[in-house]
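These notes concern the structure reproduced below.
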Amino acid sequence: MEVMRAQLELSVCDVPSAGTEDPVSAGLNGRASSQPTSLDRPGRDFERGSRYIYDLSLDHIRTLADIVELEVSKSGNDDLCLRELRLIVNHKTIFLRSFAGGRWLNQSTGNILHGTREELRANAAWQGYSWSLSEWIAATGGAISQPELVQRLESCIATAMHDLGLAWKPGAAQPLHVRRRDDSSVSVRVELVRPVTSWAHADVALDFDLRLCENGRATPSITHVALHDAVPWFALPLSRSRAGDDQRMLTALKDRLTHARPIVMAHGICPHVDASANITY
């Protein structure tokens, strides 16, 4: 069964110190070559008593058989308590796990919550799961909306910029902007920041294109990755010394983004991009 989209919904316990400021990630494949998805959307994440949903990377995930685990992990010493987690594949719940007293990710649990292949498939939601492309077309009109595309790209970008010193621009309600480039591609601009000194940061614009088709077949790929750095006046003396760091950062971003799979087209069918940047069959 083809996996067109995978999402993870997490509910944080409503108890003291349940939320965390630590980086959190999740993965489905377990392969050493698969980078876990960074669970980091614009704005606040993992606050007490809140519920969040994230798109997961489909790197090495083509069908349900490729989902061999569900692992949620974090770094740091700021504990996290989870009340419930839900794995959603193709817009339908396939795994649901609740914790009556909460499940802590802390030093005593190794900061990891792990579900094995056997546990996933024994879950009642997995046992009762069914999906078909015709069902998806009936529910969505055969389209991936622009807001859904933004959600998919958020996780892709968060994972690509992980450990590179970049972050979503604070105060921007939606720092990711998508527009139609042509019939088979969209252009994306992302408002980010990076530290320049210990007490200030610089605005950074990340640009790239998401091309959907090649030679009449759906082969989504990210191309033309570029960074545009607005260096503030007080950091000008540092700008030359940062040139090498900028190039290394751009190289790492290009590598991570070009290997990402933020979007999958059913059966290789080549879609079209409409004027509002919706992807339609």
Residue count for the range 136-177, restricted to those that are closer than 21 Å to ILE269 by Cβ and in contact with a strand residue (DSSP E or B) (Cβ under 7 Å, 6 or more places away or on another chain): 7
Being surrounded by fewer than 22 Cβ atoms within 10 Å (Cβ to Cβ), at pLDDT 95 or above, in a loop (DSSP other than H, G, I, E, B) and on the phi > 0 side of the Ramachandran plot narrows GLY30, GLY49, GLY19, GLY43 down to just GLY49
GLY216 - would you say it is touching a residue at least 12 places away in the same chain (Cβ under 8 Å) and surrounded by fewer than 16 Cβ atoms within 10 Å (Cβ to Cβ)? yes
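Condition check ((1) assigned to a strand (DSSP E or B); (2) crowded, with 17+ Cβ neighbours inside 10 Å; (3) assigned by TED's automatic domain parsing to the domain that holds PRO147) across all residues:
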site	(1), (2), (3)
LEU164	no, no, yes
HIS177	yes, no, yes
VAL186	yes, yes, yes
VAL190	yes, yes, yes
PRO195	yes, no, yes
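The values are calculated or read from the model by the stated rules, or taken from the named source; none is laboratory data. Keep in mind that what you see is a predicted model, and the values were worked out from it rather than measured. A quick note on method: Cβ atoms are made from the backbone with ideal geometry, for glycine too, and the neighbour counts reach across all protein chains shown.
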